Amino acid sequence: MKIALLGMAQSGKRTLFSVLTGRRAPERRKPDEVTEGQASIRDPRVDTLARIAKPRKVTYAENIFALCPDVDRGSRRDWVEAARRCDLLCWLVRGFESDTVYHPDGMVDALRDRNNLDSEALFADLELVEKRLERIAKEDRGGKTPARMLEEKTLQKLRVALEEGRPARIVALTEPETAAIYSLGLLTLKPFLWLVNTGEDAINAPPPFEDAYVVSCQIEEEIMAIHDADERAAFLDAVGLSAPGIDRVNAAAYKALGLMSFYTIGQDEVRAWTIACGASAPVAGGKVHTDIQRGFIRAEIIAYDDLATAGSEAAAKQQGKMQVRGRDYIMQDGDIAHFLFNV
């Protein structure tokens, strides 16, 4: 899964990308340049399992972030194609004042910027839908196939919504209709995640608009520069935070994508694996190795809370907390799994 990091110039995207991925984005980039990096999801459950199992290796789940070109609200839309290739759009809105860092629209107004960015995504989708409908009209003068007719009907439905300022994701589409237009990568069909980059004085204040997460890129950069665990904890306490904001960002992105984690543990490795909510046990096994899904027999499952309370796998089994599950078992967030298979 890939997450587009989007926003206007001087919103703090490059700093946020760096603290999320540990990778420095170049200060000067080509107008259409995209920089990608992996961000580990700091999961306290993984830390607990590692303390129990004492493995040689610990592997967290990861998000892939794509730092896209600036949204300039002009004729250039270099950011659009990069965003269409992503699964989630993470919008960073500026909420901090500065005497040295300009704002493209003059004054800082997070709600205004959110509305403008929303409009840019709607306009980009409307433009694409209209161009696609024009192409269909030219290509199909000799008659339309059923598939093309379905695509055209779906696009017409979406055009009405977009013209009214409604995003594609709230339009009621059937599965065939969704499949018919899926390859277009409509922006407003994707989930959105809104972040507000604020100053230190407002880090614990409520967000300026609904469904947003507040983060201070400046503070996050300072946190990441502190390598000593005790010093980092003291700094977090001093600024009134219980954990780095980037942990909340990563977790929120995971949730917005409809994902969850299950775990495998052993002396070699404790690892978090990413699956879609509602995935079956064989599908989860396939994440570990394709042979497990192909030759799945059963899964031995211990819920995270049960294992954490018991203190070890052996104790959890003795307490009857391990359950044997078959092919129809739907994985639950936090399951610790051992898979049995034969190929």
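The values are calculated or read from the model by the stated rules, or taken from the named source; none is laboratory data. Keep in mind that what you see is a predicted model, and the values were worked out from it rather than measured. When we count neighbours, we look across all protein chains shown, and the Cβ atoms used for this are built from the backbone with ideal geometry, even at glycine.
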- prompt: Quick one: would you say residue 71 is touching a Leu at 6+ places or on another chain (Cβ under 9 Å) and at pLDDT 95 or above?
  reply: no
task: Would you be able to say whether some residue in region 209-221 is within 30 Å of residue 329 (Cβ to Cβ), acidic (Asp, Glu) and either surrounded by 21 or more Cβ atoms within 10 Å (Cβ to Cβ) or in contact with a helix residue (DSSP H, G or I) (Cβ under 6 Å, 6 or more places away or on another chain) (or both)?
output: no
- prompt: Right, residue 25: at pLDDT 85 or above, surrounded by fewer than 22 Cβ atoms within 10 Å (Cβ to Cβ) and in a loop (DSSP other than H, G, I, E, B) or not?
  reply: no
message: Can you pull out every residue in region 28-43 that is at pLDDT below 90 and in a loop (DSSP other than H, G, I, E, B)?
response: 28, 29, 30, 31, 32, 33, 41, 42, 43
- prompt: Just for region 1-22: of the residues that are under 20 Å from residue 191 (Cα atoms) and surrounded by fewer than 18 Cβ atoms within 10 Å (Cβ to Cβ), which one is modelled with the lowest pLDDT?
  reply: 1
field: Every pair of residues 6+ apart whose Cβ atoms lie under 9 Å, when the first sits in region 180-194 and is over 14 Å from residue 169 (Cα atoms) while the second is buried (at least 19 other Cβ atoms within 10 Å of the Cβ) and among the aliphatic types (A, V, I, L, M)
entry: 180/155; 194/92; 194/93; 194/117; 194/212
- request: Inspect all residues belonging to region 51-60 and state whether any of them is modelled with pLDDT of 90 or more, among the polar types (S, T, N, Q), at negative phi and in contact with a helix residue (DSSP H, G or I) (Cβ under 9 Å, 6 or more places away or on another chain).
  value: yes
query: Got a number for residues in region 1-17 being assigned to a helix (DSSP H, G or I), touching a residue at least 60 places away in the same chain (Cβ under 8 Å) and either out of contact with any helix residue (DSSP H, G or I) (no Cβ under 7 Å at 6 or more places or on another chain) or more than 27 Å from residue 100 (Cα to Cα) (or both)?
result: 1
Single match in 58, 101, 46 (criterion: under 28 Å from residue 208 (Cβ atoms) and either in a strand (DSSP E or B) or β-branched (Val, Ile, Thr) (or both)): 101
task: Considering only region 172-202, state which residues are under 22 Å from the mean Cα position of the chain (by Cα), not small (Gly, Ala, Ser) and not in a helix (DSSP H, G or I).
output: 186, 190, 191, 192, 193, 194, 195, 196, 197, 198
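Check every one of the strands (runs of 3 or more DSSP E) wholly within region 245-343 and list those with 2 or more residues that are over 21 Å from the mean Cα position of the chain (by Cα).
Details: elements: 259-264, 269-276, 296-302, 323-325, 336-341.
Because the criterion is at least 2 residues that are over 21 Å from the mean Cα position of the chain (by Cα), the strands (runs of 3 or more DSSP E) in region 245-343 that meet it are 269-276, 296-302, 323-325, 336-341.
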- request: Would you please name the residue that is farthest from residue 256 (Cα to Cα), looking only at residues in region 190-202 that are hydrophobic (A, V, I, L, M, F, W, C) and surrounded by 19 or more Cβ atoms within 10 Å (Cβ to Cβ)?
  value: 196
Filter result (basic (Lys, Arg) and free of Cβ contacts under 8 Å to residues at least 60 places away in the same chain) within region 44-67: 51
query: Do we have any residue at all in region 150-166 that's farther than 29 Å from residue 71 by Cα, without any contact (Cβ under 8 Å) to a residue 12 or more places away in the chain and of a type outside the set (A, V, I, L, M, F, W, C)?
result: no
- prompt: If a residue has to be more than 22 Å from residue 121 (Cβ to Cβ) and of a type in the set (Phe, Trp, Tyr) to count, how many in region 185-237 make the cut?
  reply: 1
message: Tell me the residue from 162, 184 that is touching an Asp or Glu at 6+ places or on another chain (Cβ under 6 Å) and aliphatic (A, V, I, L, M), please.
response: 162
task: For residue 300, state whether it is of a type in the set (Asp, Glu), surrounded by fewer than 18 Cβ atoms within 10 Å (Cβ to Cβ) and either touching a Leu at 6+ places or on another chain (Cβ under 8 Å) or at pLDDT below 95 (or both).
output: yes
- request: Filter region 230-263 for residues that are more than 30 Å from residue 212 (Cβ to Cβ) and buried (at least 20 other Cβ atoms within 10 Å of the Cβ) and give the result.
  value: 263
Selected residue (only one of 126, 88 is closer than 20 Å to residue 191 by Cα, touching a residue at least 24 places away in the same chain (Cβ under 8 Å), surrounded by fewer than 20 Cβ atoms within 10 Å (Cβ to Cβ) and not small (Gly, Ala, Ser)): 126
